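We did not get these values from a lab; they are worked out from the coordinates using the rules stated. From a predicted model like this one, the values you see are computed outputs, not experimental measurements. Virtual Cβ from ideal backbone geometry, glycine too; neighbours counted across all protein chains shown.
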Amino acid sequence: MNVPADKEVSFRESVNLCCDMAMATLDIPDGMAKYIRNVNNVYQVRFPVKIKGQIETFIGWRAVHSDHKLPAKGGIRFAPNVNQDEVEALAALMSYKCALVDVPFGGSKGGLLIDPKNYERGEMESITRRFAYELIQKDYIGSAVNVPAPDMGTGQREMAWIVSTYAAHCPGDINQLGCVTGKPVSMGGIQGRIEATGRGVVFGLREFFRHPEDVKLAKMEGDSLEGKKVIIQGLGNVGYYTASILQKEDGAKIIAILEWDGALYDPNGLDVEDVFQYKVANKGGVTGYPNAEYFEDSKSLLERDCDILIPAAMEAVINQSNAAQIKAKLIAEAANGPVTFAAESILKEKGVVIIPDVYLNAGGVTVSYFEWIKNLSHIRFGRMQRRYEEGQSQLVIQAIEATGTKVPLDLVKKLSQGASEIDLVRSGLDDTMRKAFQEIRERYWSTENIDNYRTAAMALAIEKIYTSYRTMGIYP
Ligand code: GLU
């Protein structure tokens with residue numbers, strides 16, 4: 001295979017090269033391999049919106065990489081540098097991600113070229129609604145065809161505007177709430193969606209530490225995250241929840257947090273909540289934070305000594321220019337595409353283990369899947385069975401106590417609590433992340449020509465997509 005490992009390629013080429021490496025370990029006919037690899041369709045739209053009395057033109061994209069399962073799924077990104085290449089790469093990653101974690105969707109992604117910082121709330125609403133309208137017109141939004149979600153620069157607020165625009169244009173669609181996920185809970189969203197990607201990253205890391213051979217591979221010790229030194233790049237939604245859960249629930253030490261305006265460092269561990277509150281109160285930046293050492297050159301902290309480096313914001317932050325200097329033992333890709341293809345081969349040489357994006361950040365879309373099911377079934381999870389389960393548990397406790405054994409009060413409390421929506425969401429997410437990692441490591445350890453988790457994960461995903469297309473009859 002002719003792989004230009006020593007030169008940087010575009011994000012889409014990078015994803016394609018990873019796909020080729022996985023294809024090389026599978027027995028898939030050439031034509032089918034090409035079909036799976038490439039984006040099926042992409043819609044580019046230009047539309048006008050009146051801003052402060054002037055007409056401004058905006059440009060956006062929605063790409064569908066695969067429709068072996070419908071609807072196609074993936075976020076919408078609002079960013080000042082988004083382009084078609086990036087949207088296509090991200091759409092492809094969505095296909096592989098969904099297939100890998102058995103979320104029955106094709107892969108899609110959207111992007112709008114905009115710097116949200118330059119617009120007021122009302123203006124953002126008009127722009128988002130108009131973009132949504134354009135996508136609805138071309139069937140790029142709808143619970144059965146294509147379901148957007150939050151991504152960089154978008155969140156619950158934008159999803160609420162999109163669902164409301166959809167409802168206005170498609171009043172007869174009884175499943176209109178399922179046209180987009182990541183909505184506010186009051187508008188058909190689900191508990192636990194905001195934290196989902198970060199929590200999924202933590203569930204993935206916990207599963208990694210349950211396997212001693214894999215921990216050894218990354219030159220680490222122990223069976224948990226307790227005391228592990230972690231560097232987080234990007235304290236946005238994904239980075240914040242990852243860091244916060246790792247610190248509060250797992251006892252990891254967050255020694256550095258990197259942001260756009262600088263980085264904070266404390267070898268004894270930063271207080272994630274405190275940094276986050278400071279950031280919120282200071283225009284999203286960390287400059288001037290009083291309780292840690294501050295570095296203006298944020299990126300230099302990527303090269304600090306640590307156990308786990310978690311890039312949680314942009315693609316290509318670890319590239320040819322800094323890969324050789326990375327000292328982390330494990331890179332946990334919470335963002336999409338943070339390690340370039342060229343950087344990966346340098347890191348491989350150094351023995352740095354990478355848990356790939358296509359697996360590790362799948363928590364977001366997994367909980368989106370739960371939200372979509374909730375919307376289609378028109379009922380909140382746990383509503384039918386929670387109190388019934390509580391009643392049954394109380395009967396068991398009564399039966400035990402009738403034998404003369406007193407059940408301790410704390411146990412009675414725990415036992416007699418039926419599962420709420422958030423309990424079920426977290427349990428479903430945990431199960432998804434555990435199962436997928438077990439499959440990846442199984443493929444990694446059992447296949448001679450696979451020497452990294454990314455190729456193992458991609459091979460599993462591609463195999464599933466291929467099976468779907470074959471079963472459909474696209475290839476006999
Ligand atoms: N934007 C997220 C991702 O890249 C979530 C996608 C979704 O929930 O559909 O995985």
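Note on segment 224-288: percent of Cα-Cα distances in each 5 Å bin, starting at 0 and stopping at the bin with the largest distance, equals 4, 20, 34, 26, 12, 4, 1, 0. Summary of the geometry: segment 226-264 and segment 111-187, compared by the centres of their Cα atoms, lie 30 Å apart.
Listed by chain and number, the aspartates and glutamates whose C-alpha is less than 12 Å from the C-alpha of Lys7, apart from same-chain residues fewer than 8 away, are Glu344.
Determine, for Cys18, Cys98, Cys170, the number of other Cβ atoms within 10 Å of each Cβ, and report the residues in order from fewest to most.
Ranking Cys18, Cys98, Cys170 by Cβ neighbours within 10 Å, fewest first, gives Cys170, Cys18, Cys98.
A Förster radius of 35 Å combined with the Cβ-Cβ distance from Cys170 to Arg387 puts the calculated FRET efficiency at roughly 0.50.
Once the piece of chain linking Glu273 and Ile400 is laid out straight, how much longer is it, given 0.36 nm per residue of separation minus the C-alpha distance between them?
41.4 nm
Enter the mean projected area of the convex hull around the alpha-carbon atoms of segment 142-245, in nm², rounded to one decimal.
The directionally averaged projection comes out at 8.6 nm².
Pull up the DSSP beta bridges for the chain and report the antiparallel fraction as a percent, rounded to 5. About 50 percent, rounded to the nearest 5. Length available on full extension from Arg157 to Asp423: 0.36 nm per residue minus the Cα-Cα distance, which gives 93.3 nm. Computed over segment 347-476, the range of Cα coordinates on each principal axis works out to 62, 39, 25 Å, biggest value leading.
Rounded to the nearest angstrom and listed largest first, the equivalent-ellipsoid semi-axes of segment 1-152 from its Cα gyration tensor are 32, 18, 11. Each Lys or Arg adds one and each Asp or Glu subtracts one; over the other residues with Cβ under 15 Å from the Cβ of Ile462, this totals +2. Label separation (Lys138 vs Asp297): 4.4 nm, computed from points 7 Å beyond Cα along the C-beta direction.
Can you list which of the GluC sites (Glu not before Pro) found in segment 214-280 are DSSP loop residues with at most 16 other C-beta atoms within 10 Å?
Those that pass, being in a loop and sparsely packed, are Glu221, Glu226.
Report the calculated FRET efficiency for Glu349 and Ile474 (r = Cβ-Cβ distance, R0 = 56 Å), to the nearest 0.05. Efficiency, from the Cβ-Cβ distance: 0.90.
The Asn81 and Val9 beta-carbon pair, evaluated with R₀ = 25 Å, returns a calculated FRET efficiency of approximately 0.90. Taking each DSSP H run with n ≥ 4 as -39500 (n - 2.57) and averaging over every residue of the chain yields -14000 deg cm²/dmol at 222 nm. Normalised by 2.2 N^0.38 Å, where N is the number of residues, the alpha-carbon radius of gyration of the chain equals 1.00.
Of the beta bridges in segment 226-269, as assigned by DSSP with both residues counted there, near 45 percent are antiparallel. With bins 10 Å wide beginning at 0, the percent of Cα pairs of segment 183-233 falling in each bin runs 22, 39, 21, 15, 4.
Extension gain, Trp260-Ile379: 0.36 nm per intervening residue step, less the Cα-Cα distance, totals 38.7 nm.
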